[in-house]
1. Touching a residue at least 12 places away in the same chain (Cβ under 8 Å) and in contact with a Cys (Cβ under 7 Å, 6 or more places away or on another chain): which single residue out of C:VAL108, C:VAL62 fits that description?
2. For the range A:33-49, enumerate the residues that are within 15 Å of A:VAL100 (Cα to Cα) and out of contact with any Lys or Arg (no Cβ under 7 Å at 6 or more places or on another chain).
3. Answer yes or no: is there a residue in the range B:159-172 that is facing another protein chain (nearest Cβ under 9 Å) and within 11 Å of the chain's Cα centre (by Cα).
4. Among the residues of the range C:201-218, are any within 11 Å of chain D (Cβ to nearest Cβ) and under 13 Å from the mean Cα position of the chain (by Cα)?
5. So in the range D:141-158, with the set limited to residues that are within 14 Å of chain C (Cβ to nearest Cβ) and closer than 19 Å to D:ASP68 by Cβ, which one is surrounded by the fewest Cβ atoms within 10 Å (Cβ to Cβ)?
6. So is C:ALA216 crowded, with 23+ Cβ neighbours inside 10 Å and of a type outside the set (Lys, Arg) or not?
7. In the range C:92-131, which residues are over 14 Å from the mean Cα position of the chain (by Cα), of a type outside the set (D, E, K, R) and more than 13 Å from chain B (Cβ to nearest Cβ)?
8. When the residues of the range D:1-27 are filtered to those that are more than 14 Å from chain C (Cβ to nearest Cβ) and in contact (Cβ under 8 Å) with a residue 60 or more places away in the chain, which remaining residue is farthest from D:TRP231 (Cα to Cα)?
Number of protein chains: 4
Amino acid sequence: MSDTASGTVSSVIRELVDANHILFDQGVVDGFGHVSVRHPVRPDRFLLARSMAPGLVTAQDVLAFDLDGAPVEAGGPAAYLERFIHGEIYRKRPDVVAVVHSHSPAVVPFSVVTGTKLQPICHMCGFLGTATPVFEIRDFAGPGSDLLISDTRLGAALAQSLGQGPVVLMRGHGSTVVGSTLRQAVFRAVYTEVGARLQTEAMRLGPVTYLTEGEAIATTNTNNTQIDRAWNLWLKAAQNRSMTS
Amino acid sequence: MSDTASGTVSSVIRELVDANHILFDQGVVDGFGHVSVRHPVRPDRFLLARSMAPGLVTAQDVLAFDLDGAPVEAGGPAAYLERFIHGEIYRKRPDVVAVVHSHSPAVVPFSVVTGTKLQPICHMCGFLGTATPVFEIRDFAGPGSDLLISDTRLGAALAQSLGQGPVVLMRGHGSTVVGSTLRQAVFRAVYTEVGARLQTEAMRLGPVTYLTEGEAIATTNTNNTQIDRAWNLWLKAAQNRSMTS
Amino acid sequence: MSDTASGTVSSVIRELVDANHILFDQGVVDGFGHVSVRHPVRPDRFLLARSMAPGLVTAQDVLAFDLDGAPVEAGGPAAYLERFIHGEIYRKRPDVVAVVHSHSPAVVPFSVVTGTKLQPICHMCGFLGTATPVFEIRDFAGPGSDLLISDTRLGAALAQSLGQGPVVLMRGHGSTVVGSTLRQAVFRAVYTEVGARLQTEAMRLGPVTYLTEGEAIATTNTNNTQIDRAWNLWLKAAQNRSMTS
Amino acid sequence: MSDTASGTVSSVIRELVDANHILFDQGVVDGFGHVSVRHPVRPDRFLLARSMAPGLVTAQDVLAFDLDGAPVEAGGPAAYLERFIHGEIYRKRPDVVAVVHSHSPAVVPFSVVTGTKLQPICHMCGFLGTATPVFEIRDFAGPGSDLLISDTRLGAALAQSLGQGPVVLMRGHGSTVVGSTLRQAVFRAVYTEVGARLQTEAMRLGPVTYLTEGEAIATTNTNNTQIDRAWNLWLKAAQNRSMTS
């Protein structure tokens with residue numbers, strides 16, 4: 001790799017470490033969940049921490065994987081069991097540059113109930129559109145699986161369920177959120193959780209007016225210009241409560 | 001400007017910075033939302049931070065705007081997209097000295113449900129009166145807007161909906177709260193959020209006894225004499241968890 | 001006063017300061033609410049901070065009052081508007097050594113709903129007994145009051161409503177909790193809030209089995225021997241997050 | 001004891017201290033609740049702190065007990081009133097190496113309602129299986145007890161109710177969770193609380209799809225290999241907010 005390419009990779013890895021810490025500090029991930037970014041030089045690869053709590057990740061913990069979920073360097077540390085989520089989405093969606101998988105607490109309930117869809121009640125969550133798909137792993141792994149996306153076949157099925165959208169819920173498990181930049185994926189992961197909490201509360205107060213499709217599109221376009229405002233705050237907050245120093 | 005006037009402005013800016021930090025620390029704003037104060041020497045202007053997270057604002061980030069939302073000094077940094085909320089309210093309401101706009105989480109649900117009004121269940125929220133208006137931006141911007149108050153026309157419509165009251169909810173968006181002092185506006189913004197949470201919980205337990213109009217007025221009058229007690233606490237708390245040092 | 005008496009008073013004041021900080025740190029009080037202790041040498045007096053946020057109280061802020069709520073030393077700083085809560089309860093209840101008044105958030109909803117009583121669902125809250133009275137200030141101050149216990153007449157009415165119990169709710173306002181020691185009053189104030197939250201959640205899951213009267217009595221007797229275990233933890237927690245250093 | 005055995009005991013005690021701090025920091029215990037581990041050299045004994053808040057426990061506070069709940073060294077400090085929970089479970093369940101007893105807030109409501117069972121809605125809580133038993137102490141101690149497991153007879157009854165499972169709820173009181181390692185017991189105690197909160201929220205959104213028995217078993221097997229990932233995070237978090245330094 002050239003010096004420039006190498007500098008680009010280092011810079012992306014630093015931002016990926018920040019993303020790990022932000023997602024922990026904002027309560028999107030706990031000991032579990034993970035975030036990846038497409039390799040900036042080799043689009044057929046992605047960068048992801050070794051199997052560990054995101055809040056504790058440092059640059060030394062970041063590994064490169066090919067789209068089959070195989071580590072580029074053999075003999076390394078244990079990898080996340082569900083790295084196939086990332087590989088298959090990068091394969092199917094050339095527009096995707098980052099993927100967040102989490103069990104964030106307000107979202108999980110929406111994955112297991114019938115008759116209620118996760119939908120945006122406010123402009124910050126417009127990216128959710130008019131409905132969020134739910135991936136039922138029983139349809140692919142049968143009634144007695146461990147619910148994990150533990151191979152490329154299940155990864156491909158999940159990617160199929162995600163379609164061209166930003167978020168897919170996973171029944172009894174959590175969600176996967178994608179973005180065209182790492183910061184956008186983090187932004188969406190945080191506001192998917194925020195939006196789920198708001199919808200839960202609103203539904204208890206009375207019939208809810210959701211965003212129209214037009215409002216969902218327009219708010220998404222505007223919010224896409226404002227992502228750094230949130231990122232800068234979240235990064236400072238995560239640094240103030242650092243788990244790695 | 002005279003030295004005295006200049007000292008007054010500096011002092012108001014310092015308090016505006018504190019207000020930004022308090023609103024973040026109390027959970028009223030996150031990366032988004034903003035607070036302004038009318039210019040103490042030029043009532044046809046107001047002071048507002050540049051476009052950034054309130055928790056990170058310093059005195060250097062505060063800009064002056066005219067009531068049309070135009071920055072007094074051209075060529076400065078990017079301004080909040082919704083500065084027109086502030087300008088139009090200051091224009092319409094000479095009694096208003098400070099404005100807080102937020103997406104505080106317990107309030108947003110009240111903006112999107114039909115059949116339930118935000119009302120005070122306890123004395124700390126008496127200023128809410130007997131009902132809080134909801135501004136439906138679809139009536140002014142159509143069914144496909146980005147929900148933001150992004151020009152003077154929408155700002156004027158919002159100010160009209162606010163009327164002579166202290167709070168207006170904004171459908172699918174948040175709320176705007178005003179005060180005759182900066183500290184009062186902050187106090188009301190915090191207790192609008194607190195009150196929304198209390199009402200939400202109470203409604204789930206059974207039929208609720210709200211404050212009468214007389215109680216709302218009497219409690220507001222008493223609480224107006226007690227604002228510094230909360231302010232001093234919140235300022236110390238925000239300083240202890242400072243995001244700017 | 002003798003040296004011994006003076007030492008006793010100093011020691012009680014130190015514990016009262018700790019109680020203020022604990023109640024803030026545990027979320028029972030915010031900028032508002034107050035805690036008092038009967039004067040250890042003069043039972044016709046009580047000790048209470050001047051009007052300020054409990055989290056910021058220091059020993060220098062503690063004042064002595066007679067049971068009419070008049071400060072023993074004239075010309076001092078402003079006193080809490082509701083000091084009459086304390087005086088009238090000490091007058092009516094010789095067994096009471098400490099009083100906590102708060103607007104703790106899970107309790108307020110129980111003060112405004114009909115058909116639901118605050119009751120213990122678990123052993124830590126056994127002291128609540130089989131029902132908690134609600135004081136309706138409209139019966140004494142009419143339909144347009146500021147809801148505050150702002151004179152001895154209203155204080156006496158509240159004390160009457162409290163009766164021989166440990167807790168009285170105040171409609172649209174909060175609660176007042178008493179104890180035969182300062183630590184017991186603090187313990188009860190914290191667990192009144194905890195219990196209200198637990199009951200709120202349980203009621204949403206299905207029909208609730210509350211403690212019997214016998215269980216309420218037996219758990220109270222046992223818990224009375226365990227108060228220091230919680231106090232020591234809460235004090236350390238409050239010191240770790242000190243607002244006064 | 002040999003030097004090796006003595007080193008093993010010291011190491012187990014250090015981990016037990018960490019477990020105490022983690023359970024406090026994760027909100028499973030407050031001033032009350034306790035965690036024990038079977039003695040690594042003498043399986044007819046167990047190690048448990050003296051009667052104190054878990055968040056404040058140090059190695060010097062750990063005592064050894066026999067299975068009857070009697071301290072191995074007489075004349076020591078006061079012991080937890082409910083140490084019989086631990087002794088009787090260790091007696092009845094040779095597979096159990098650690099026991100956590102708590103009043104964690106999302107779980108208590110499930111102990112007092114009829115018609116609703118605590119069940120896993122997501123893979124992290126698969127260990128809960130298809131239903132969690134509730135121990136009704138009235139059946140053994142009558143209608144006026146203090147609800148505590150204060151002797152070996154009640155301990156044996158609770159152990160009977162636990163059966164071969166990982167968790168038993170205790171009506172009006174809390175829960176007891178066991179594990180085949182200390183880290184597994186802590187993991188389960190945290191995720192019992194997490195799972196109870198998730199189920200509570202999901203039940204309010206609509207009919208819930210719970211894990212099948214097969215999914216419960218498969219997710220448990222997978223999660224058992226991932227416990228250290230959470231432990232390492234929780235330990236770092238507890239150390240960052242240390243209550244004992």
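The values are calculated or read from the model by the stated rules, or taken from the named source; none is laboratory data. For clarity, every value in this text was computed on a predicted model and none was experimentally measured. A quick note on method: Cβ atoms are made from the backbone with ideal geometry, for glycine too, and the neighbour counts reach across all protein chains shown.
1. The unique qualifying residue is C:VAL108.
2. The answer is A:GLY33, A:HIS34, A:VAL35, A:SER36, A:VAL37, A:ARG38, A:LEU47, A:ALA49.
3. Within the range B:159-172, not a single residue is facing another protein chain (nearest Cβ under 9 Å) and within 11 Å of the chain's Cα centre (by Cα).
4. Our first condition is that a residue be within 11 Å of chain D (Cβ to nearest Cβ); within the range C:201-218, this holds for C:201-218.
Remaining after also requiring under 13 Å from the mean Cα position of the chain (by Cα): none.
No: the range C:201-218 contains no residue that is within 11 Å of chain D (Cβ to nearest Cβ) and under 13 Å from the mean Cα position of the chain (by Cα).
5. Initial filter on the range D:141-158 (within 14 Å of chain C (Cβ to nearest Cβ)): D:141-151, D:154.
This time we only want the ones that are closer than 19 Å to D:ASP68 by Cβ, so: D:141, D:148-151, D:154.
Values: D:ALA141: 20, D:LEU148: 21, D:ILE149: 29, D:SER150: 18, D:ASP151: 15, D:LEU154: 21.
Going through the qualifying residues, I end up with D:ASP151.
6. Working: crowded, with 23+ Cβ neighbours inside 10 Å: no; of a type outside the set (Lys, Arg): yes.
Against the criterion (crowded, with 23+ Cβ neighbours inside 10 Å and of a type outside the set (Lys, Arg)), C:ALA216 does not qualify.
7. Across the range C:92-131, the qualifying residues are C:PRO94, C:PRO120, C:ILE121, C:CYS122, C:HIS123, C:MET124, C:CYS125, C:GLY126, C:GLY129, C:THR130, C:ALA131.
8. Within the range D:1-27, the match that is farthest from D:TRP231 (Cα to Cα) is D:VAL12.
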